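Values in this text are rule-based calculations from the coordinates and carry no lab data. Predicted model, so just to flag it, every value in this text is computed and none were measured. Cβ: placed from backbone, ideal geometry, glycine included. Neighbour counts: every protein chain shown.
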Ligand code: M6R
C-alpha cells in the first residue's frame, strides 16, 4: 500500500506531480485563458463583490492560507485576512454579510476550522471550503467549495495536501482576478500556461534528491533550525519549520527574513543551520542582504534557489537548486526540498515518520 516507498510521507511527497495534475485537470484551459471551478461557479458573483475574504484554517492548511493571501491580494485585489481557526472563533469576529470565508482543511474534520466556519455562517458570511476529503463535515457544511483532489493523505505530516491547496487557491485567485478585471486575459493565459508546467517542475526536484540527502545527513543532530523567506516564501518558511518540528522533533522556527534583525538574529552562531528560501525574484536583493547578515555571524546557510541565481549559490554554504518559475507559483516548487529535508532527517533520527508522537492526523477536539 506504500507503493514501494518506506513511508506514506515519502510516497505522498513523490505523488505531488500527479496530485497537482489531478487538481488542475478539467479546470484550467491555457488555450483560451479560462478557469472552471464547478463547485463555486454559482457563487462567483458574491465572491466578485466581496468586501474582504477571511481564510480560516489550522497548521499546514493555515500556511497554504497565507500563500492564498498573497495570491488573492496580488491577483484579485481583494483584502484578505488569514486567521487561525481557533483564534477566530473566540474573538467575537467582525464578519458578516458581504464577507467571504474560505475554510481550508485536508481532512474536513478539524474541530476548530469547523467551529470557525459555523461562526462565520451564523453571522451571514458566504462560506467556501477548500477540502480534500469528499463528503467530510467541512465539505458538507460550507455553502460551496472546491475539492483539492489530492487523493488520500495518510502520513500525519501534510505534504501533497499543502501543494494541492495552494493550487486550488491559485486557480481561485486567477479566476477572481479575471472576473474582476484586475488581471487581463493575456496575463491569465500566461499564468495558466505556467501553472500547467508546475507538475513537471516538481518532478524535476524529485528526480535528484542527493544534495538534499547530503544536507540532511550533515544536520540531522542540530538542536535548532531557522527558516527564512520573504513574500511567497515566508509561508513556505513556516511550513518547512513545522515539518521539521513535527516529524524530526527538532526545534525550528520560520520567520519573515527581515524580522530576523528584530530578535532571532541573536540566536545565530556557527551551530545554527539557517534555511533560506530565495525563490522569489522581486525580493532577491533583500534576501541576499539577509544571507550576508547570517554569514557574518557564521550561521550555516542552506539555500533553496534557482540555477540562475548564482549570487545566492555563491554566498550559501549549501544550495538546493529548484527550477525557475513565476513568483506566484514558487511555493509549489520551493516547499518540496523542505518536505524532503524533514523526511530524511526524521529517518536518520529513527523517528516514526508517518505517526509522530503526540499527533493525530485530524484534530477533532478543540
Ligand atoms: O485536516 P486539516 O487540514 O484541517 O488539518 C490541519 C492541521 O491539523 C494539519 O495541517 C497539521 O498541522 C499537520 N499535521 C501538518 O503537517
Whole-angstrom gap from region 229-295 to region 61-99, using each part's C-alpha centre: 23
Three-way shape label, region 177-283, alpha-carbon gyration tensor, a/c 1.5: oblate
Centre separation in Å (Cα based) which lies between region 114-136 and region 141-198: 18
Helical mean residue ellipticity (222 nm; -39500 (n - 2.57) per DSSP H run of 4+; nearest 500) of the chain: -14500 deg cm²/dmol
Top of 94, 238, 75 by mean-square fluctuation, Gaussian network on the chain, Cα under 10 Å: 94
Relative contact order [Cα under 8 Å, 6+ residues apart], the chain, whole percent: 19
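To make sure I understand, if each residue's beta carbon is the centre and we count other beta carbons within 10 Å, what order do 5, 343 fall in, fewest to most?
If I rank by nearby Cβ atoms, fewest first, I get 5, 343.
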Among 240, 26, 65: highest mean-square fluctuation, GNM of the chain, C-alpha pairs under 10 Å: 26
Residue order, fewest to most beta carbons within 10 Å, for 271, 326, 287: 271, 326, 287
Mean separation of Cα contacts under 8 Å, 6 or more apart, over the residue count of region 270-360: relative contact order %: 24
On Cα atoms only, tilt of 111-122 relative to the major axis of the chain in degrees: 30
Degrees separating the helix 210-219 axis from the principal Cα axis of the chain, which is the longest one: 70
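Can you sort 7, 281 by how many other beta carbons sit within 10 Å, fewest first?
Ranking 7, 281 by Cβ neighbours within 10 Å, fewest first, gives 281, 7.
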Over region 83-211, relative contact order from alpha-carbon pairs under 8 Å, at least 6 apart, %: 17
Within the chain, percent of DSSP bridges classed antiparallel, to nearest 5: 5
By average C-beta atoms within 10 angstrom, highest first, the peptides 9-15, 46-52, 317-323, 100-106: 100-106, 9-15, 317-323, 46-52
Alpha carbon centroid spacing (whole Å) that separates region 300-317 from region 5-25: 27
Degrees, to the nearest 10: 330-348 long Cα axis against longest axis of the chain: 50
Rg to Rh quotient for the chain, alpha carbon positions, Kirkwood Rh: 0.95
Residue with peak Gaussian network fluctuation, the chain [Cα springs, cutoff 10 Å], from 314, 327, 143: 314
